[in-house]
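A quick write-up on the structure given underneath.
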Amino acid sequence: MNVRPSQKIMLSAVQPSHQLTLGNYLGALKNWIKLQHDYECIFFAVDLHALTVKRDPAQLKEQTYQAVATYIASGIHPDQAILFIQSHVPEHAELSWILNCFTYMGELGRMTQYKDKSTQQGKNIPAGLFTYPVLMAADILLYQTHLVPVGEDQKQHLEITRDLAIRINHLYGENLFTVPEIYSPPIGARIMSLQNPQIKMSKSDPDPNGVIYLMDSDDQIKKKFKRAVTDSGQEIIYRNDQPGIKNLIDISCALTGKTPEEWVNQYRGKQYGHLKIETADRVIETIAPIRSKTAELLKDRNYLDALLKQGAHRAREKAQRTLSRVYDKIGCVGGRY
Ligand code: ATP
Ligand code: LTN
């Protein structure tokens with residue numbers, strides 16, 4: 001293990017609410033991998049967050065392993081990063097309660113994700129959906145995190161986390177919590193559904209045709225791109241009023257590092273079909289090795305269990321340090337037995 005204790009902390013997580021998607025990869029994982037050498041890294045699967053929507057227990061367990069296997073298959077170094085499952089570190093739920101007492105109903109009610117997901121729930125909205133950002137703030141503040149690489153949809157949650165850190169630091173002492181920075185990639189922070197380029201590509205979209213899952217076969221990927229909804233024009237241009245084409249170009253840019261102008265030039269005089277087929281090929285080139293490595297890792301549960309146990313142990317050490325300072329500062333009698 002080669003971790004320098006003075007290094008800054010980078011932390012992020014994904015909900016094991018389904019198989020991971022191309023959106024998760026480009027918006028989050030790819031940047032974790034890019035930045036991992038400059039930070040001490042903490043990555044986990046947020047199974048407690050996944051419970052905010054009704055889940056099948058067996059599926060949740062399987063998807064939790066899948067998420068962690070995907071992190072490693074995508075390029076996270078398991079012998080350097082701290083990898084674990086959120087529910088294995090009870091300090092997350094503990095700090096979450098405390099932060100709940102400093103969070104205002106009004107600020108939670110403004111969260112777009114809450115508004116979207118609660119509408120989908122109908123009448124009985126779980127309270128966990130409302131307090132979801134508080135648990136996320138606990139995830140982050142527990143580790144004195146400096147940088148959180150996430151997609152654009154999580155910006156609001158990062159803002160509330162920063163507000164809480166600043167609020168509590170102000171009340172109890174300047175350096176109780178590190179105030180985290182967000183990292184969102186310039187391109188790829190919001191990959192859209194292939195079936196409806198007005199909405200974000202999302203794991204739990206009921207229409208699987210709009211979503212590229214990292215475990216999709218080459219054939220499935222080709223079919224999904226072939227059927228992708230494009231715009232009414234003919235020309236390949238990069239504009240907000242051509243969101244279907246823009247999304248395909250964004251995917252190519254995020255995969256290759258080229259700019260939209262470079263792709264538009266490359267496709268001058270060509271048709272939408274070319275762009276669809278070639279984007280699918282680019283995606284397959286990236287995803288196929290991740291898919292096979294994930295499948296291979298999932299066969300060795302003993303390895304994953306050992307890794308997660310060690311990860312939880314390392315995480316708890318750090319988490320307990322923050323939590324006991326917090327208890328002390330807010331007035332809870334010290335001495336945990
Ligand atoms: P769900 O549908 O269950 O809400 P999701 O697909 O939106 O899941 P999350 O687990 O909420 O995924 O997000 C994990 C990470 O992936 C976050 O950093 C999030 O910002 C990023 N992310 C999710 N969807 C996209 C997307 N379409 N484009 C870019 N980044 C994304
Ligand atoms: N809410 C995030 C997942 C998440 C997270 C975190 C991301 C939970 N805790 C801490 C970064 C840091 C999402 O992507 N839906």
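Please work out which residue is nearest to residue 282 (Cα to Cα), limiting yourself to segment 240-263 and to residues that are in contact with a Lys or Arg (Cβ under 7 Å, 6 or more places away or on another chain) and open to solvent by less than 10 Å² (accessible area, probe 1.4 Å).
Filtering first and then ranking leaves 252.
From the list 271, 320, 266, exactly one residue is open to solvent by 50 Å² or more (accessible area, probe 1.4 Å) and within 28 Å of residue 9 (Cα to Cα). Which is it?
Values: 271 fails: within 28 Å of residue 9 (Cα to Cα); 266 fails: within 28 Å of residue 9 (Cα to Cα).
Criteria check complete, one pass: 320.
Do we find a residue being more than 27 Å from the chain's Cα centre (by Cα), open to solvent by 10 Å² or more (accessible area, probe 1.4 Å) and charged (D, E, K, R) anywhere in segment 229-239?
Yes - at least one qualifying residue is present in segment 229-239.
Check residue 137 against each of (1) hydrophobic (A, V, I, L, M, F, W, C); (2) outside any helix (DSSP H, G or I); (3) without any contact (Cβ under 8 Å) to a residue 60 or more places away in the chain; (4) within 16 Å of ligand 1 (Cβ to nearest atom) and name the one condition it does not meet.
Failing condition for residue 137: (2).
Considering only residues that are open to solvent by 50 Å² or more (accessible area, probe 1.4 Å) and within 16 Å of ligand 1 (Cβ to nearest atom), which ones fall in segment 140-161? Break it down into steps so the answer makes sense when it comes.
Let us first name the residues in segment 140-161 that are open to solvent by 50 Å² or more (accessible area, probe 1.4 Å), namely 146, 152-153, 155-156, 159.
Within segment 140-161, 152, 153, 155, 156, 159 qualify.
What is the number of the single condition among (1) open to solvent by less than 30 Å² (accessible area, probe 1.4 Å); (2) within 11 Å of ligand 1 (Cβ to nearest atom) that residue 35 does not meet?
(2)
Give the residues of segment 23-60 that are assigned to a helix (DSSP H, G or I), more than 11 Å from the chain's Cα centre (by Cα) and away from ligand 2 (no atom under 11 Å from the Cβ), sorted by residue number.
Keep residues of segment 23-60 that are assigned to a helix (DSSP H, G or I), which gives 23-38, 47-50, 57-60.
Subsequent filtering for residues that are more than 11 Å from the chain's Cα centre (by Cα) retains 33-38, 47-50, 57-60.
Within segment 23-60, 33, 34, 35, 36, 37, 38, 57, 58, 59, 60 meet the criteria.
Quick one: residue 88 ticks every box in (1) over 21 Å from the mean Cα position of the chain (by Cα); (2) away from ligand 1 (no atom under 16 Å from the Cβ); (3) open to solvent by 20 Å² or more (accessible area, probe 1.4 Å); (4) in contact (Cβ under 8 Å) with a residue 24 or more places away in the chain bar one, so which box is it?
If we test residue 88 against (1) over 21 Å from the mean Cα position of the chain (by Cα); (2) away from ligand 1 (no atom under 16 Å from the Cβ); (3) open to solvent by 20 Å² or more (accessible area, probe 1.4 Å); (4) in contact (Cβ under 8 Å) with a residue 24 or more places away in the chain, just (1) comes out false.
Among the residues of segment 61-87, write down those that are more than 15 Å from ligand 2 (Cβ to nearest atom) and assigned to a helix (DSSP H, G or I). Please lay out each step first, then the result.
Pass one, segment 61-87, residues more than 15 Å from ligand 2 (Cβ to nearest atom): 61-62, 65-66, 69, 72-75, 77-80.
Matches in segment 61-87: 61, 62, 65, 66, 69, 72, 73, 74.
Can you tell me which of (1) within 27 Å of residue 31 (Cβ to Cβ); (2) part of a helix (DSSP H, G or I); (3) touching a residue at least 12 places away in the same chain (Cβ under 8 Å) is the one residue 228 doesn't meet?
(2) is the only condition that residue 228 fails.
Need the failing condition index for residue 82 against (1) open to solvent by less than 20 Å² (accessible area, probe 1.4 Å); (2) within 13 Å of ligand 1 (Cβ to nearest atom), just the number.
It is condition (2) that residue 82 fails.
The values are calculated or read from the model by the stated rules, or taken from the named source; none is laboratory data. Everything numeric here is computed off the predicted structure, so don't read it as measured data. FYI the Cβ positions are ideal-geometry reconstructions off the backbone, even for glycines, and counts take in every protein chain you see. Calculation scope for accessible area: heavy atoms of the full protein, side chains included, ligands and nucleic acids excluded. Shrake-Rupley method; radii C 1.70, N 1.55, O 1.52, S 1.80 Å.
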